[in-house]
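The values are calculated or read from the model by the stated rules, or taken from the named source; none is laboratory data. All of these numbers come straight from a predicted model, not from anything done at the bench. Counting neighbours? That spans all protein chains shown, and the Cβs are built from the backbone with ideal geometry, glycine included. Heads up: the accessible areas ignore ligands, DNA and RNA and are worked out on the full protein's heavy atoms, side chains in. Shrake-Rupley method; radii C 1.70, N 1.55, O 1.52, S 1.80 Å.
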Amino acid sequence: MDPMMGGMMYGMDPLYLLVFVVTMALSLITQFWIKHAFNKYSRVRNSRNMTGADAARLMLQAEGVTDVQVKRFEGGMLSDHFNPSTKVINLSPEVYDTPSIAAVGVACHEAGHALQHARHYAPLKLRSLLVGPTTLASKFSIPLIFIGLILNMLGLAKIGLILFGVTFLFQVITLRWKSTPRSGRGKRFWPTAS
């Protein structure tokens, strides 16, 4: 039987596959770019010789957030995250112990999430509610696509494609929300040389 029948590939609309290929390519390019930038700037010391842990603590202190801990986390490279339920900023060893520009940037990004949580930033609450389902969708999307295509179960492959698209869309939308809302107090968390 001809695999291309009536504009369909194995019974699947080629638009689904096009969306999958484009979003997969964008995801891979983004991951590569983030890792490349982190590796590049992890070799550049910051002018204060401040580790990522020091920078996160200083940022929290400058904003008056005293109930958040900063801990070393052995989860692997770029596994850094803020856990709102335990109020802990978990930093990988590459970030926690290193006085590089990259380490400070990642640590302050995670401290920004802690500040959002402390300020009850509404989009962060919505994002937190969606993280669990989106994490499951990201874990199962690719296997469902391939299993569906291999077993010729197009409904399963379409579900995988939809889950992958939802995960991608969630990541794109939340990129904007990850910026820390301004406190209006005009504080600088980074000490300046006078």
Next item on the list: Would you mind giving the average projected area, over all directions, of the Cα convex hull of region 1-152 in nm² with one decimal?
Entry: 11.8
Next item on the list: Assign unit charges at the C-beta atoms only (+1 for Lys and Arg, -1 for Asp and Glu), then state the dipole size of region 1-153 relative to its Cα centre in Debye, rounded to the nearest 20.
Entry: 440
Item checked: Residue-normalised accessible area of region 60-149, expressed per residue, 1.4 Å probe, Å² -> 49
Margin query: Within 13 Å, Cβ to Cβ, of Lys87, how many net charges do the neighbouring residues add up to if Lys/Arg are +1 and Asp/Glu are -1?
Written below: -1
Margin query: Using 24 Å as the Cα-Cα cut-off, could you pick out the over-long pairs in Lys40/Lys125; Lys35/Lys71; Lys125/Lys158?
Written below: Lys40/Lys125; Lys125/Lys158
Next item on the list: Using only C-alpha atoms and all pairs of different ones, pull out the Kirkwood radius for region 64-136 in Å with one decimal.
Entry: 12.8
Checklist line | Size of electric dipole in region 37-87: Cβ of Lys, Arg +1 and of Asp, Glu -1, about Cα centre, debye, nearest 20 | finding: 260
Notebook entry, point to check: Given R₀ = 25 Å, FRET efficiency for Met77-Val172 by Cβ-Cβ distance, to 0.05?
Noted result: 0.60
Next item on the list: Using a cut-off of 13 Å between beta-carbons, work out the net charge of the residues near Ile145 (Lys and Arg +1, Asp and Glu -1, Ile145 not included).
Entry: +2
